[in-house]
Amino acid sequence: MIFDPITVCSMELQNRIVRSATHEFMAEEDGTPTSGLGDLYEELAKNEVGLIITGYSYVLPGGQSDASQQGIYDDRFIEPYRKITDRVHRYRSRIVLQIVHGGRQADVSEEYPTPMAPSAVKNGHSATMPKEMTEGEILKVIEAFTQAAVRAKKAGFDGVQLHCAHGFLLSNFISPYTNRRTDRWGSSVENRARIVTEIVRRIKDETGGDFPIFVKMNATDGFQPGTAKAELGLDISQAVETAKLLEKAGVCAIEVSGGISEAGGVTIKTAINSPAKEAYFKDYSKMIKSAVNIPLILVGGIRSLSVMEDLLENGFADLISMSRTFISEPDLILKLKSGEAKKARCVSCNLCFDPRGLRCNFEFDRF
């Protein structure tokens, strides 16, 4: 079943396996994508990854969250990205650009000393206090995401994914922990999701209505149950309602994840060394999948072929998303198809997040 084709957002995928976005540390200082990114994505396409979602690309100067992060805030990025999508499209894979604004997790610099957020809620991870956005700043962000999607289409991408997870700006709006507003951008689930649904509407207006829009969203902020932060944070019932609003707005597939930086150790867990530890967001994904009629993509420590098949057969997801596994083994799909492997070799050490460029740094020969 995992190797069967599927139609998602009007695009035919050769299988149900997705390369989930991660930061690659492989762009120029100004965000220009490099040929190294093209090498990375082409290698995944050669090895039959059905859908490739790029690392997060920031939509506005001041919205960057990491060094060597790619950008999409200017038309000058269109041609470098087009070279990359052309390379991927030599094969049967499809490629989607993930777009983001860092929000309260954006880098602080001399030019941008104070991050933006829906509300002035101190970042417990970095101790940074963001500024509450004005109405004008919110509208500017909506337009920035819209124009980023327009550029992505011109660059040959098969769609965009709005990054609404992991504590970045759109996630900040959706979560009641980081969004304490009482105007039309806050308070209710519908109002907190409004910035996303407005972005979706505007992208449809500007791209002709048929350009696929995916969303990566949190099912939980990830705070320890019973704590004050958990009481304030996003819960699954709110995530389900948000997913319904996104479907109604025209989002054509949802990837389910969880966690923000200050919750710690939720988004990318270590020591995934047994099937029982895999797919750590699966219970959330099943609840969201049962509430919407669009394809559901599940990410989170998935390693074993048997687990992938079980998730699909038992209604947890429609597609399986992985990232660290492909850093270690870009040819994993071919190994699973041929029977050479039954699971990924990735040990979830997280040494792959390398400022010199994304790579597997685990020394397998030593063990």
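Among the candidates I302, I320, I288, I272, single out the residue that is hydrophobic (A, V, I, L, M, F, W, C), surrounded by 21 or more Cβ atoms within 10 Å (Cβ to Cβ) and at pLDDT below 95. Spell out the reasoning first.
On the way: I302 fails: at pLDDT below 95; I320 fails: at pLDDT below 95; I288 fails: at pLDDT below 95.
Going through I302, I320, I288, I272 in turn, the sole match is I272.
Can you confirm whether segment 132-144 contains a residue that is surrounded by 14 or more Cβ atoms within 10 Å (Cβ to Cβ), among the aliphatic types (A, V, I, L, M) and in a loop (DSSP other than H, G, I, E, B)?
Yes, the conditions are met somewhere in segment 132-144.
Check L60 against each of (1) within 17 Å of the chain's Cα centre (by Cα); (2) farther than 30 Å from S304 by Cα; (3) not basic (K, R) and name the one condition it does not meet.
(1)
I need the full set of residues from segment 159-216 which are among the hydroxyl-bearing types (S, T, Y) and surrounded by fewer than 17 Cβ atoms within 10 Å (Cβ to Cβ), in order please.
If we filter segment 159-216 for residues that are among the hydroxyl-bearing types (S, T, Y), which is where we start, we get 171, 175, 177-178, 182, 187-188, 197, 207.
The answer is T182, S187, S188.
With (1) more than 22 Å from V251 (Cα to Cα); (2) in contact with an Asp or Glu (Cβ under 9 Å, 6 or more places away or on another chain) as the list, and G55 as the residue in question, which single condition is left unmet?
With (1) more than 22 Å from V251 (Cα to Cα); (2) in contact with an Asp or Glu (Cβ under 9 Å, 6 or more places away or on another chain) applied to G55, the lone miss is (1).
Could you list, in sequence order, all residues of segment 325-367 that are under 22 Å from A271 (Cβ atoms), out of contact with any Leu (no Cβ under 9 Å at 6 or more places or on another chain) and polar (S, T, N, Q)?
Matches in segment 325-367: S328, S348, N350.
List pairs: first in segment 169-183 and farther than 16 Å from E241 by Cα and touching a residue at least 24 places away in the same chain (Cβ under 8 Å), second surrounded by fewer than 22 Cβ atoms within 10 Å (Cβ to Cβ) and of a type in the set (K, R), Cβ under 7 Å, 6+ apart or cross-chain?
Pairs that qualify, where the first residue is farther than 16 Å from E241 by Cα and touching a residue at least 24 places away in the same chain (Cβ under 8 Å) and the partner is surrounded by fewer than 22 Cβ atoms within 10 Å (Cβ to Cβ) and of a type in the set (K, R), are Y177/K229.
Could you list all residues from segment 204-225 that are in contact with a Lys or Arg (Cβ under 9 Å, 6 or more places away or on another chain) and of a type in the set (A, V, I, L, M)?
I213
Which of the residues belonging to segment 1-57 are of a type outside the set (D, E, K, R), closer than 26 Å to E79 by Cβ, in a strand (DSSP E or B) and under 14 Å from the mean Cα position of the chain (by Cα)?
L51, I52, I53, S57
The values are calculated or read from the model by the stated rules, or taken from the named source; none is laboratory data. Because the structure is a prediction, the values reported are computed rather than measured. Every residue, glycine among them, receives a Cβ derived from its backbone with ideal geometry; neighbour counts consider all protein chains shown.
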